[in-house]
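The values are calculated or read from the model by the stated rules, or taken from the named source; none is laboratory data. All values reported here derive from a predicted model rather than from experimental measurement. Here Cβ is always computed from backbone atoms with ideal geometry, including for glycine, and neighbour counts include all displayed protein chains.
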Amino acid sequence: MDFISKGFHHSTHVSSNAARTLAFYRDILGFRLVKKTVNFDLPDTYHLYFGDDKGSPGTLLTFFEWPNSPRGSWGVGGIHHVALGTKDYDTQLKWKRWLTDHGVPVSGPYDRGYFTSIYFADPDGQILEIATEGPGFDIDEPMNALGRDLMTPPESRLPAGRDEAKIAATTYPEPVDALTGDMTLEGIHHITGHTDDLSAAGEFYERALGLKLVKKSFNQDAPEILHYFWANYDGERILPGSDMTLFGAPKNGRKSREGVGQTHHIAFRADDEEQLSAWREHLLQQEIDVTEIRDRSYFKSIYFRSPDGLLVEIASDTPGFAIDEPVATLGQGLKLPDWLEANRSEIVTQLRPLS
Ligand SMILES: [Fe+2]
Ligand SMILES: [Fe+2]
């Protein structure tokens, strides 16, 4: 098999309050709660999984509830934001109107060239983006030669050239009364972190995960900082949902800190356990320290770290969320692995109510 990642499986985040997280991701962002379970390592706290109707890999955001944890912070070795896909500029403006009408402050829409972006935060401060599908990375270099040259964004996309008042005032002209089908989020569009060594990080994403450098540019909000993008790219197309991006922080820049409002880890896909096992052998051959295969009930997983310390997982698409409840009722019951079932009543009394 070729060791080229098919993109993101999920990202996992830290919540201080599972009930509030549920209300935000389900009621405001329109995710489905596809699994209600506990953190297998801390069974008196929730682990909630959100995704599309079926809980498809690539649409999943998961949350540990750590009620007593201090706030985390972004920085080197951590994730700055997770971007979710939307069809086009029109649906993006609907999202802006919907979010602001629900009291969620939104910045943007910003023209990033390759897509347009709005930004907001979840109730714990996790930074989220909603990004349009296009126009794509081939607007400033040919599709068969992405990532070769350093691209300088035009002045109009940089802080000095932007009309911030006009951007802030840009929104959908009418109230959005309910989430409509065209607004359904398309899963993880890209994930952006910080590194203080772009070449070491790039080598890692290329060597370990088979991703290719598809854009070298600058952070368009802080143009003194480099911004590089990797993806599953074959010279003809970029696979949606495979775009890992990194800001180049200064050497010895602020390290990320684990905690509430931060991304705990990111996970890439493997088809099944057999592929996962092959990935594990591949990583070992690359002299990357990787865990044994762990059973996460809904997928099997291996874990390793990027050179700057980010926790990275590869998770199998199988067996999926329908293994212990029907697709029609995903997320309704509290699901426990067999080895915790014996303690169900004790676990249930310790969990805080979800609504
Ligand atoms: Fe995970
Ligand atoms: Fe982004």
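With Leu84, Leu33, Leu48 as the choices, which residue is assigned to a strand (DSSP E or B), within 15 Å of ligand 1 (Cβ to nearest atom), aliphatic (A, V, I, L, M) and under 19 Å from Ala267 (Cα atoms)?
On the way: Leu84 fails: within 15 Å of ligand 1 (Cβ to nearest atom); Leu33 fails: within 15 Å of ligand 1 (Cβ to nearest atom).
Just one listed residue meets the conditions, Leu48.
Quick one: in the stretch 219-250, which of the residues that are among the hydrophobic types (A, V, I, L, M, F, W, C) and surrounded by fewer than 20 Cβ atoms within 10 Å (Cβ to Cβ) is nearest to ligand 1 (Cβ to nearest atom)?
First, pick out the residues of the stretch 219-250 that are among the hydrophobic types (A, V, I, L, M, F, W, C): 222, 225-226, 229-231, 238-239, 244, 246-247, 249.
If we keep only those that are surrounded by fewer than 20 Cβ atoms within 10 Å (Cβ to Cβ) as well, we get 222, 225-226, 239.
Values: Ala222: 30, Ile225: 28, Leu226: 28, Leu239: 20 Å.
In this case the residue turns out to be Leu239.
Test Asp272 against the stated conditions and say whether it is more than 14 Å from ligand 1 (Cβ to nearest atom), touching a Ser or Thr at 6+ places or on another chain (Cβ under 7 Å) and at pLDDT 95 or above. Give the derivation first.
Working: more than 14 Å from ligand 1 (Cβ to nearest atom): yes; touching a Ser or Thr at 6+ places or on another chain (Cβ under 7 Å): yes; at pLDDT 95 or above: yes.
So Asp272 passes the test.
Here are some residues: Glu186, Glu206. Which one is of a type in the set (D, E, K, R), in a loop (DSSP other than H, G, I, E, B) and either in contact with a Lys or Arg (Cβ under 9 Å, 6 or more places away or on another chain) or within 16 Å of ligand 2 (Cβ to nearest atom) (or both)? Quick ask: steps written out before the conclusion?
Values: Glu206 fails: in a loop (DSSP other than H, G, I, E, B).
Going through Glu186, Glu206 in turn, the sole match is Glu186.
Identify all residues within the stretch 128-151 that are within 16 Å of ligand 2 (Cβ to nearest atom) and free of Cβ contacts under 8 Å to residues at least 24 places away in the same chain; write none if there are none.
The answer is Pro135, and nothing else.
Just one of Thr291, Thr329, Thr263, Thr318 is within 16 Å of ligand 2 (Cβ to nearest atom) and among the β-branched types (Val, Ile, Thr); which is it? Outline the logic, then answer.
Numbers: Thr291 fails: within 16 Å of ligand 2 (Cβ to nearest atom); Thr329 fails: within 16 Å of ligand 2 (Cβ to nearest atom); Thr318 fails: within 16 Å of ligand 2 (Cβ to nearest atom).
Residue meeting the stated conditions: Thr263.
Return yes or no: is His47 out of contact with any Lys or Arg (no Cβ under 6 Å at 6 or more places or on another chain) and farther than 27 Å from Ile238 by Cβ? Show your work before the answer.
Numbers: out of contact with any Lys or Arg (no Cβ under 6 Å at 6 or more places or on another chain): yes; farther than 27 Å from Ile238 by Cβ: yes.
Yes: the conditions hold for His47.
Which of the residues spanning the stretch 63-78 are within 16 Å of ligand 1 (Cβ to nearest atom), crowded, with 23+ Cβ neighbours inside 10 Å and within 15 Å of the chain's Cα centre (by Cα)?
Scanning the stretch 63-78 gives Phe63, Gly78.
Which of the following residues is within 16 Å of ligand 2 (Cβ to nearest atom) and either within 30 Å of Gly253 (Cα to Cα) or buried (at least 22 other Cβ atoms within 10 Å of the Cβ) (or both): Gly55, Gly7? It would help to see each step written out before you state the result.
On the way: Gly55 fails: within 16 Å of ligand 2 (Cβ to nearest atom).
Within the list Gly55, Gly7, the selection yields Gly7.
Please verify whether the stretch 320-339 includes one or more residues that are touching a helix residue (DSSP H, G or I) at 6+ places or on another chain (Cβ under 7 Å), surrounded by fewer than 18 Cβ atoms within 10 Å (Cβ to Cβ) and over 18 Å from Val34 (Cα atoms).
no
Anything in the stretch 164-189 that is more than 17 Å from Leu99 (Cα to Cα) and either without any contact (Cβ under 8 Å) to a residue 40 or more places away in the chain or touching a His at 6+ places or on another chain (Cβ under 9 Å) (or both)? List them, or say none.
Result: Glu164, Ala165, Lys166, Ile188.
Exactly one condition in (1) closer than 26 Å to Ala200 by Cα; (2) over 20 Å from the mean Cα position of the chain (by Cα) is not met by Arg269; state its number.
It fails just one condition, (2).
So in the stretch 260-306, with the set limited to residues that are among the aromatic types (Phe, Trp, Tyr) and in contact with a Leu (Cβ under 8 Å, 6 or more places away or on another chain), which one is surrounded by the fewest Cβ atoms within 10 Å (Cβ to Cβ)? Working first, answer last.
Looking only at the stretch 260-306, we keep the residues that are among the aromatic types (Phe, Trp, Tyr), and these are 268, 279, 298-299, 303-304.
Going one step further and asking which of them are in contact with a Leu (Cβ under 8 Å, 6 or more places away or on another chain), we end up with 268, 303-304.
Details: Phe268: 25, Tyr303: 17, Phe304: 20.
Looking at residues that are among the aromatic types (Phe, Trp, Tyr) and in contact with a Leu (Cβ under 8 Å, 6 or more places away or on another chain), I get Tyr303.
Scan (1) assigned to a strand (DSSP E or B); (2) within 21 Å of Asp177 (Cα to Cα) for the single condition Asp27 breaks and write down its number.
Result: Asp27 fails condition (1) only.
From the set of residues in the stretch 10-30 that are touching a strand residue (DSSP E or B) at 6+ places or on another chain (Cβ under 9 Å) and of a type in the set (Val, Ile, Thr), which is nearest to ligand 2 (Cβ to nearest atom)?
In this case the residue turns out to be Thr12.
Condition check ((1) in contact with a helix residue (DSSP H, G or I) (Cβ under 9 Å, 6 or more places away or on another chain); (2) modelled with pLDDT of 95 or more) across all residues:
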| position | (1), (2) |
| --- | --- |
| Glu164 | no, yes |
| Glu174 | yes, yes |
| Ile191 | no, yes |
| Ser199 | no, yes |
| Leu211 | yes, yes |
| Trp230 | yes, yes |
| Pro250 | no, no |
